[in-house]
Amino acid sequence: MDKTPGGTPFPTQLLYERIGGYWLTQVIGAAARLGIADLLSKGPRSSDALADELGISADGLYRLLRGGIPAGIFQEVGERTFALTPMGEGLRSDIPGSLRDVAIAQSDRAHWLPWGQLIEAVRTGKSTVRAALGTDIWEHFARHPEEAGHFARAMGNLSALVAHELTQQVDFSPFAHVADIGGSQGTLLAQVLRANPSCRGILFDLPHVLEGAKAPLEAQGLQGRVELVGGSFFEPGLPSAEAYLLKHILHDWDEESATAILRNLHAAAPAGARLFVLELVMPDNQTPSPVPLLDLNMMVLVDGRERTANEFQALLARTSWELVGIRPTQAGTCIIEAVKR
């Protein structure tokens, strides 16, 4: 019996489903890698026809598609014939807000193997990436450009989820230059520039990361409005701008490193410059939230952490930035605004 007489699942049944949750991660990741959502975008197809097109095992693919039913991404509409669910549509590569690269990145070894040693991260309070991968996460991506590409596009997809709300809530037109620090492929900066034609942009990141930004910016006709600047935000000499974007950067780092980033930014910024930190904010009450799980992810992967509103305020004050306010967004990320006095 799966359910109680009242029709709800037994707690142990729910627990069993949670225990097997990593199976769903890998099912969704495998489906994303194979591009199945794109192949099903025009309607249902048989698993045999899909396997023939992909050149893989018909039996293996059928079993994967069948496993995608409890994952919520496929439905079987006929004998060995499958269609996308509304959730599965999110794995298509050709739709706004696609999560295909997110699924690939989260199920890839750079995330998967360190999480397999979670107990060691809990025991030590330190990342398990070096033990699992032999190097830190950033060097791993530098050595494996295909994985780095999926990760960068995944971060771009997540940026797209908050970029619309950022431009709705913040008027960037008074700023001549907007610098996206650690901006990867420039997804967030591009939307800010499209919404504010008078602004020019500066995209700052490691040189090998910026290589992947050139084509997307050119495709959007923005290459003439964006200066690409390579470097490390741990070193002095960051670009000067009237406004800065810092999206999902500080949570990658411990207090000492986050302090160094903000101090370097403060040194580079002119008086009156605005800083827009886009981060999740840890609830300081018992409100159910996914942020504690993301906090564990930061511990496992990069020795980073999610922070409460009070912790952000203290971090900004310690680096001479004055907090203006914290605005939530529907995407979950908060807009933390600060100014250099």
Practice problem: From (1) farther than 26 Å from R33 by Cα; (2) out of contact with any strand residue (DSSP E or B) (no Cβ under 6 Å at 6 or more places or on another chain), pick out the condition that doesn't hold for E146. | Solution: (1)
Self-check item: segment 244-254, residues that are surrounded by fewer than 24 Cβ atoms within 10 Å (Cβ to Cβ) and over 13 Å from L301 (Cα atoms)
Solution: L246, H248, I249
Quiz item: Which one of P239, P216, P197 is surrounded by fewer than 17 Cβ atoms within 10 Å (Cβ to Cβ) and either within 21 Å of the chain's Cα centre (by Cα) or of a type outside the set (D, E, K, R) (or both)?
Solution: P197
Self-check item: From T333, T287, residue being open to solvent by less than 40 Å² (accessible area, probe 1.4 Å) and more than 26 Å from A131 (Cβ to Cβ)
Solution: T333
Quiz prompt | The one condition in (1) crowded, with 21+ Cβ neighbours inside 10 Å; (2) of a type in the set (K, R); (3) free of Cβ contacts under 8 Å to residues at least 60 places away in the same chain that R100 fails to fulfil | solution = (3)
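Just to check your reading of the model, which residue among V129, V77, V178, V122 is farther than 30 Å from V192 by Cα, touching a strand residue (DSSP E or B) at 6+ places or on another chain (Cβ under 6 Å) and not aromatic (F, W, Y)?
Values: V129 fails: touching a strand residue (DSSP E or B) at 6+ places or on another chain (Cβ under 6 Å); V178 fails: farther than 30 Å from V192 by Cα; V122 fails: touching a strand residue (DSSP E or B) at 6+ places or on another chain (Cβ under 6 Å).
Exactly one of V129, V77, V178, V122 is farther than 30 Å from V192 by Cα, touching a strand residue (DSSP E or B) at 6+ places or on another chain (Cβ under 6 Å) and not aromatic (F, W, Y), namely V77.
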Self-check item: Residue among L65, L61 that alone is touching a strand residue (DSSP E or B) at 6+ places or on another chain (Cβ under 6 Å) and assigned to a helix (DSSP H, G or I)
Solution: L65
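The values are calculated or read from the model by the stated rules, or taken from the named source; none is laboratory data. In this text the structure is predicted, and so the values were computed from the model without any measurement. With ideal geometry, Cβ positions are generated from the backbone for all residues, glycine too; neighbour counts draw on all protein chains shown. Remember, those area values only see protein heavy atoms, side chains included, never the ligands or the DNA or RNA. Shrake-Rupley method; radii C 1.70, N 1.55, O 1.52, S 1.80 Å.
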